[in-house]
Amino acid sequence: MNGHTPVMLEEVMAVLQPRDDAIYVDGTFGGGGYSEALLSRAQCRVFAIDRDADAIERGAVLARRFGARLTLIHGRFSEMHRLLGAHGVSAADGVALDVGVSSFQLEDDSRGFSFASDAPLDMRMDRSQGKTAAELCNALAESELTELLRKYGEEPRAKQIARAIVAARPIGTARQLAEVIERAAPRRGQKIHPATRSFQALRIAVNDELGELEHGLQAAEQMLKPGGHLAVVSFHSLEDRIVKQFLAQRLGRVPQASRHMPERAAEPALFHTVGKTPVVPTTEEIRRNPRARSAKLRAAERTSVHAPGLAQMGEGQ
């Protein structure tokens with residue numbers, strides 16, 4: 001699809017190994033890059049999920065091209081078991097997650113993700129529900145804003161930025177917020193815009209991105225068939241840490257035992273590693289697509305060990 005460059009496309013395809021008659025879940029459809037590649041390389045089926053209704057609408061072009069082999073679903077990837085269950089599908093051969101904000105969302109000024117946008121400060125991936133970034137900026141106490149910026153943006157000047165936001169209320173647009181932050185925390189030789197970390201923090205909070213990722217990884221674990229492959233592309237340390245810790249636990253690794261505590265037996269492995277991990281983009285890809293520069297791909301293959309909670313997922317969500 002035009003206007004979108006999927007990150008580490010060939011590396012993700014090498015993990016998923018598209019083949020005829022297989023079922024794949026593209027949990028973050030976005031611009032449709034992974035879905036299109038899967039469907040073009042094998043006579044497979046793809047269930048593409050996105051909580052952004054605009055992404056599903058754009059996907060109509062691919063749906064016409066691939067017909068019944070592509071099913072577009074408006075929803076959260078953390079609910080993939082329920083969403084696919086509604087289509088009579090209970091297991092998949094591969095799951096791809098490209099987490100975080102999409103290029104389309106960043107480039108659409110009306111969404112409020114861009115520093116230069118004069119549109120309302122929204123930042124919701126699903127605009128039909130939840131509080132906007134402006135509502136958080138205008139309602140949270142200074143101490144709550146400080147904690148949010150530190151926790152989700154790893155912003156070292158969180159306190160002074162939070163104080164400036166409170167003093168400038170009401171905050172209405174993305175540009176206004178960016179200017180408030182720039183005055184409170186000048187660039188001082190930084191390569192990135194002073195508002196980068198704060199915008200990331202607000203976006204993560206508005207969309208519960210880290211909670212969605214944690215639940216999405218568990219959903220993928222329950223959805224994958226034995227031998228099925230998981231490919232997760234993350235873009236900052238908070239996301240990558242969650243993926244790394246999830247896979248370390250599922251690979252059957254256990255923390256080093258304390259000399260004061262008895263040794264713990266390793267849990268049965270629910271995944272095996274696939275190749276060298278993490279994989280990072282090539283220099284050439286970063287040159288062509290600067291958005292890829294911070295990306296990391298982690299991959300794993302599902303074992304035959306039962307994932308607890310599968311029945312409850314199907315019944316209760």
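The values are calculated or read from the model by the stated rules, or taken from the named source; none is laboratory data. Fair warning: this is a prediction, and the values are worked out from it, not measured in the lab. Don't worry about glycine lacking a Cβ; one is built from the backbone with ideal geometry, like all the others, and counts go over all protein chains shown. Heads up: the accessible areas ignore ligands, DNA and RNA and are worked out on the full protein's heavy atoms, side chains in. Shrake-Rupley method; radii C 1.70, N 1.55, O 1.52, S 1.80 Å.
Here are some notes:
- Residue selected from region 227-254 under the condition surrounded by fewer than 23 Cβ atoms within 10 Å (Cβ to Cβ) and basic (Lys, Arg), by the criterion farthest from the chain's Cα centre (by Cα): 253
- Region 70-112: number of residues that are assigned to a helix (DSSP H, G or I), more than 30 Å from residue 304 (Cβ to Cβ) and among the hydrophobic types (A, V, I, L, M, F, W, C): 2
- Condition met for residue 11 (part of a helix (DSSP H, G or I), open to solvent by 30 Å² or more (accessible area, probe 1.4 Å), out of contact with any Lys or Arg (no Cβ under 6 Å at 6 or more places or on another chain) and in contact (Cβ under 8 Å) with a residue 12 or more places away in the chain): yes
- Subset of region 270-288 [within 18 Å of the chain's Cα centre (by Cα), open to solvent by less than 60 Å² (accessible area, probe 1.4 Å) and farther than 17 Å from residue 248 by Cβ]: 281
- Only one of the numbered conditions (1) under 18 Å from residue 123 (Cα atoms); (2) among the aliphatic types (A, V, I, L, M); (3) without any contact (Cβ under 8 Å) to a residue 60 or more places away in the chain is violated by residue 213, and that is (3).
- Qualifying residue in region 143-160 (condition: within 17 Å of residue 205 (Cβ to Cβ), in contact (Cβ under 8 Å) with a residue 40 or more places away in the chain, of a type in the set (Gly, Ala, Ser) and in a loop (DSSP other than H, G, I, E, B)): no
- Given (1) under 18 Å from residue 10 (Cα atoms); (2) touching a residue at least 12 places away in the same chain (Cβ under 8 Å); (3) touching a helix residue (DSSP H, G or I) at 6+ places or on another chain (Cβ under 9 Å), number of the condition residue 66 does not satisfy: (1)
- The set of residues from region 51-65 being under 20 Å from residue 94 (Cα atoms) and open to solvent by 20 Å² or more (accessible area, probe 1.4 Å) comprises 51, 63.
- Taking the listed residues 161, 165, the one that is aliphatic (A, V, I, L, M), more than 27 Å from residue 28 (Cβ to Cβ) and in contact with a Cys (Cβ under 6 Å, 6 or more places away or on another chain) is 165, with no other qualifying.
- Just one residue in the set 217, 210, 224 is closer than 30 Å to residue 305 by Cβ, in contact with a Leu (Cβ under 9 Å, 6 or more places away or on another chain), open to solvent by 20 Å² or more (accessible area, probe 1.4 Å) and at pLDDT 95 or above; that residue is 210.
- Subset of region 165-183 (residues that are surrounded by fewer than 20 Cβ atoms within 10 Å (Cβ to Cβ), part of a helix (DSSP H, G or I) and either free of Cβ contacts under 8 Å to residues at least 12 places away in the same chain or among the small types (Gly, Ala, Ser) (or both)): 167, 168, 179
- Counting residues in region 260-272 that are assigned to a strand (DSSP E or B), modelled with pLDDT of 95 or more and aromatic (Phe, Trp, Tyr) gives one or more.
- Top-ranked residue of region 103-133 - restricted to ones that are among the acidic types (Asp, Glu) and open to solvent by less than 30 Å² (accessible area, probe 1.4 Å), ranked as farthest from residue 234 (Cα to Cα): 122
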